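Peer 1: Following this message is one structure expressed as structure tokens.
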Amino acid sequence: QAHAKVWHLYNDHFRPTQRGKVSIALSSHWIKPQHMTEKNIKECQKSLDFVLGWFAKPIFIDGDYPESMRSNLSSLLPEFSEAEKKYIKGTADFFALSFGATLSFQLLDSHMKFQQLESISLRQLLYWINSEYNKPQIFIVENSWFVSGTTKKDDAKYIYYLKKFIMETLKAIRYDGVNVFGYTVWSLLDGFEWHRGYSIRRGLFYVDFQSHDKKLMPKSSVLFYQKLIEKNGFPPLPENQPIEGIFPCGFAWGIVDNYIQVDTTPAQFLDSSVYVWDVHQTKKLIKVDGVYASKRKRHCVDFAAIRLQISLLQEMHVTHFHFSLKWSLILPLGNLSLINHTLVHYYQCFASELLRVNITPVVALWQPMIENQELPVSLAKYGAWENPETVQAFVEYARFCFTSLGDHVKFWITMNEPSVKNLTYTAGHNLLKAHAKVWHLYDKEFRRSQKGKISIALQADWVEPACPFSRNDQEVADRILEFDIGWLAEPIFGNGDYPEMMRAWLRRINSVDLYNSHLPYFSEDEKKLIQGSFDFFALSHYTTTLVGSEKEDAVKYDHYLEVQMINDITWLHSPSRAAVVPWGLRKLLKWVKSKYGDVPIYVIANGIDDDQNMVHDKLRVYYIQNYINEALKAYTLDDVNLQGYFVYSFNDKTAPKYGLYSYVANQYEPKPSLKHYREIIGNNGFPGPETPELLCPEEAALCPECHFFRTRKSLLAFISFIFVAFIVTIFFITYYSKRVERRYK
């Protein structure tokens with residue numbers, strides 16, 4: 001009633017001269033049903049009625065309280081007379097909304113939730129207000145998030161929630177038709193936050209409450225909000241727009257399967273037993289005891305599993321297929337005393353069949369897995385990579401693989417994605433020496449005859465400073481990149497030793513007795529051995545991470561590296577919460593080039609998980625399209641020497657939720673993303689009307705029959721001999737038959 005009287009006072013006596021407007025500011029939360037049932041949806045309506053509708057319905061609808069309040073509170077709720085209803089109704093020139101400052105974000109009385117789930121979706125609340133209250137003009141008069149009371153200038157968490165709320169407001173305007181005409185951040189300064197006291201901060205300016213003059217400092221959020229106001233929202237950035245263009249001739253288009261499906265079950269044709277068919281009684285084959293046919297040699301066609309996998313790969317139109325060997329199965333004892341010849345023959349057949357259909361095998365000697373790190377049990381049992389003996393065991397294993405498979409494999413990976421998160425410094429030290437020794441082994445003993453190439457493949461997700469204006473956050477991002485990528489990359493692709501930033505950081509934390517972490521040292525000979533032991537830079541890239549310097553969330557804070565992991569909640573995320581950030585790949589490729597020069601680069605794995613119930617596979621289609629386009633920008637605009645791109649993964653059977661083929665009821669079905677990837681491969685990128693045509697020379701490898709004969713030279717020689725002998729025989733038969741005829745004449 002007081003509000004209505006003030007509104008009428010202004011309307012009758014001041015509006016004609018002052019030409020202003022007046023309303024009431026109402027706080028609200030948003031609520032969503034625990035289950036999508038009619039009862040729960042009604043409970044959500046009741047929750048909003050009790051909080052927002054209590055004041056909004058009398059003013060914006062009919063002058064009376066919501067029906068749900070009347071039916072639940074009965075005599076507790078006062079009655080309006082008909083005159084009062086008319087007087088209150090319509091006493092607002094706009095809808096002033098406060099979201100987040102007081103009632104929302106777990107501060108609402110639990111009874112007001114009516115056993116439903118509170119949410120921070122501002123867009124849904126705006127849509128509901130628009131629908132419930134006859135599409136009023138809305139002015140957001142308070143909205144914000146909060147950070148810890150210990151956070152000073154780099155308030156990244158605040159920035160990304162602010163970004164989320166303003167984006168949702170923009171979506172409500174553009175997509176939902178909601179008439180929002182203003183937005184106000186809460187608040188200008190840090191202050192006393194009611195029952196939370198000084199334990200949290202909401203201000204754009206930091207207030208030092210301990211100083212005598214309460215010193216003020218602008219936070220990163222000030223700069224963010226200032227830039228946002230200047231741009232009036234989120235206009236498309238030129239660098240994020242897709243480009244047209246194509247990749248170079250010979251670009252490697254690949255697919256990844258961590259481990260191929262191995263099925264060495266003998267084919268029926270290898271059974272030497274003799275059977276008779278009982279056509280009269282059982283209608284079955286009956287084995288004849290004591291009678292055997294001659295045994296024949298195993299052939300690649302005996303492995304039915306290979307034919308299926310090859311046919312699926314052919315459907316993709318890829319030029320390369322990347323998979324890892326199983327060291328623990330090839331050499332179960334970790335040495336050459338016991339060799340699984342059947343498995344080796346299977347790998348030989350698989351590689352030769354790939355070549356037959358013009359697909360280049362890209363083979364990793366070792367890839368760590370959870371169980372025993374995919375090492376032979378005898379090596380895993382005695383320290384794994386902590387034990388220097390594993391280095392020499394790996395060299396002997398590599399020699400065996402080069403000898404057995406080198407005729408078919410020309411593209412080798414020594415180690416695929418060694419996880420730095422699970423490596424000790426000693427293990428990483430031995431791992432680097434093992435890689436270098438294997439590279440030199442191939443270089444000296446096998447490269448000349450096999451004419452292949454070899455390197456290591458590192459996992460390399462991009463790391464971005466959470467506050468783009470913060471020097472501290474940039475330093476943290478640089479530190480994480482060195483610990484995540486530079487640790488193994490710098491010795492090989494750089495100066496032969498670990499990054500100086502790593503050594504300096506470890507010296508710093510060791511000096512205060514918090515940790516006792518020591519990075520081993522290489523001898524000068526070891527540095528020479530490791531430095532330059534590569535033919536290309538292979539990297540796996542999946543996502544981008546934001547990092548900050550201010551400790552905000554203890555669960556996501558790394559005390560060892562003093563880094564806070566931050567989540568941009570406006571980013572697109574997969575079901576496993578992996579962020580989809582295509583521009584991170586381009587930044588990573590530029591970083592590798594700036595650090596290690598014009599090295600040939602292969603994106604050896606890039607992929608995202610999906611919801612297996614999603615029919616249209618839209619997330620992966622979007623992911624592949626945009627990540628490849630960013631790779632094209634790196635090649636075209638940044639002059640990165642990019643040689644190939646591989647999608648992870650082949651199928652859902654070996655990598656659930658990541659595959660381009662689904663696997664249900666023993667059947668493989670192509671997903672829409674497979675067809676999209678195949679189209680990109682067919683175009684060799686994203687050609688446009690003005691893209692010049694790229695004429696690539698035909699390669700000899702494009703002839704499957706040629707490869708068939710190249711790999712069977714002895715057979716070809718034998719057939720040639722038989723053919724020549726046949727021609728000579730016919731010639732002599734014809735010649736002597738004519739002489740006999742002339743003699744008789």
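Peer 1: For a quick check of your reading of the model, give me the residue pairs whose first member lies in region 568-584 and is closer than 13 Å to residue 609 by Cβ and in contact (Cβ under 8 Å) with a residue 24 or more places away in the chain, whose second is open to solvent by less than 10 Å² (accessible area, probe 1.4 Å) and aromatic (Phe, Trp, Tyr), with beta-carbon atoms closer than 8 Å and at least 6 apart or on different chains.
Peer 2: These pairs meet every condition: 580/623.
Peer 1: In a helix (DSSP H, G or I), modelled with pLDDT of 85 or more and either touching a strand residue (DSSP E or B) at 6+ places or on another chain (Cβ under 6 Å) or farther than 19 Å from residue 251 by Cα (or both): which single residue out of 719, 681 fits that description? Quick ask: steps written out before the conclusion?
Peer 2: On the way: 719 fails: modelled with pLDDT of 85 or more.
681 is the lone residue from the list that is in a helix (DSSP H, G or I), modelled with pLDDT of 85 or more and either touching a strand residue (DSSP E or B) at 6+ places or on another chain (Cβ under 6 Å) or farther than 19 Å from residue 251 by Cα (or both).
Peer 1: Going by what's in this entry, would residue 92 be described as hydrophobic (A, V, I, L, M, F, W, C), modelled with pLDDT of 95 or more, over 24 Å from residue 205 (Cβ atoms) and not in a helix (DSSP H, G or I)?
Peer 2: The answer is yes for residue 92.
Peer 1: Of all residues in region 585-609, how many are part of a loop (DSSP other than H, G, I, E, B) and either surrounded by fewer than 16 Cβ atoms within 10 Å (Cβ to Cβ) or touching a residue at least 60 places away in the same chain (Cβ under 8 Å) (or both)?
Peer 2: Going residue by residue through region 585-609, those that are part of a loop (DSSP other than H, G, I, E, B) are 597-600, 607-609.
Subset that is either surrounded by fewer than 16 Cβ atoms within 10 Å (Cβ to Cβ) or touching a residue at least 60 places away in the same chain (Cβ under 8 Å) (or both): 597-600, 607-608.
So the count comes out to 6.
Peer 1: For region 278-287, does any single residue satisfy the condition of being open to solvent by 70 Å² or more (accessible area, probe 1.4 Å), part of a loop (DSSP other than H, G, I, E, B) and among the basic types (Lys, Arg)?
Peer 2: Yes, region 278-287 has at least one match.
Peer 1: Let me ask something else about it. Here is a list: 305, 364, 380. Which entry is surrounded by 22 or more Cβ atoms within 10 Å (Cβ to Cβ) and not in a loop (DSSP other than H, G, I, E, B)?
Peer 2: Values: 305 fails: surrounded by 22 or more Cβ atoms within 10 Å (Cβ to Cβ); 380 fails: surrounded by 22 or more Cβ atoms within 10 Å (Cβ to Cβ).
Being surrounded by 22 or more Cβ atoms within 10 Å (Cβ to Cβ) and not in a loop (DSSP other than H, G, I, E, B) holds for just one of 305, 364, 380, which is 364.
Peer 1: Also: So residue 567 passes all but one of these: (1) within 18 Å of the chain's Cα centre (by Cα); (2) at pLDDT 95 or above; (3) over 20 Å from residue 618 (Cα atoms). Which condition number does it fail?
Peer 2: Every condition holds for residue 567 apart from (2).
Peer 1: Collect the residues in region 28-79 that are acidic (Asp, Glu), assigned to a helix (DSSP H, G or I) and either in contact with a helix residue (DSSP H, G or I) (Cβ under 9 Å, 6 or more places away or on another chain) or open to solvent by less than 40 Å² (accessible area, probe 1.4 Å) (or both), keeping them in residue-number order. So that I can check it myself, show each step before the final result.
Peer 2: Restricting attention to region 28-79, the residues satisfying the condition of being acidic (Asp, Glu) are 38, 43, 49, 62, 64, 67, 79.
Filter once more, so that each one left must be assigned to a helix (DSSP H, G or I): 38, 43, 49, 62, 67.
Across region 28-79, the qualifying residues are 43, 49, 62, 67.
Peer 1: Of all residues in region 202-224, which are within 19 Å of residue 142 (Cβ to Cβ) and surrounded by 18 or more Cβ atoms within 10 Å (Cβ to Cβ)?
Peer 2: 202, 203, 204, 219, 221, 222, 224, listed by residue number.
Peer 1: Something else: Is it the case, given these coordinates, that residue 108 is assigned by the TED database to the domain that holds residue 53, at pLDDT below 95 and out of contact with any Pro (no Cβ under 7 Å at 6 or more places or on another chain)? I'd like the intermediate steps shown before the answer.
Peer 2: On the way: assigned by the TED database to the domain that holds residue 53: yes; at pLDDT below 95: yes; out of contact with any Pro (no Cβ under 7 Å at 6 or more places or on another chain): yes.
Yes.
Peer 1: Looking at 389, 371, can you tell me which residue is closer than 16 Å to residue 438 by Cβ and open to solvent by 10 Å² or more (accessible area, probe 1.4 Å)?
Peer 2: Numbers: 371 fails: closer than 16 Å to residue 438 by Cβ.
Unique residue meeting the criteria: 389.
Peer 1: Counting only residues that are open to solvent by less than 40 Å² (accessible area, probe 1.4 Å) and basic (Lys, Arg), which one in region 619-672 is nearest to residue 251 (Cα to Cα)?
Peer 2: 633
Peer 1: Residue 120: at pLDDT below 95 and of a type in the set (A, V, I, L, M), yes or no? Outline the logic, then answer.
Peer 2: Numbers: at pLDDT below 95: yes; of a type in the set (A, V, I, L, M): yes.
The answer is yes for residue 120.
Peer 1: Can you name every residue in region 28-72 that is free of Cβ contacts under 8 Å to residues at least 60 places away in the same chain, under 39 Å from the mean Cα position of the chain (by Cα) and under 21 Å from residue 135 (Cβ atoms)?
Peer 2: Correct list: 45 only.
The values are calculated or read from the model by the stated rules, or taken from the named source; none is laboratory data. What you see is a predicted model, and the numbers here were worked out from it, not measured in a lab. Heads up, the Cβs are rebuilt from the backbone with ideal geometry, glycines too, and the neighbour counts pull from every protein chain shown. What goes into the accessible areas is simple: the full protein's heavy atoms, side chains included, and nothing from ligands, DNA or RNA. Shrake-Rupley method; radii C 1.70, N 1.55, O 1.52, S 1.80 Å.
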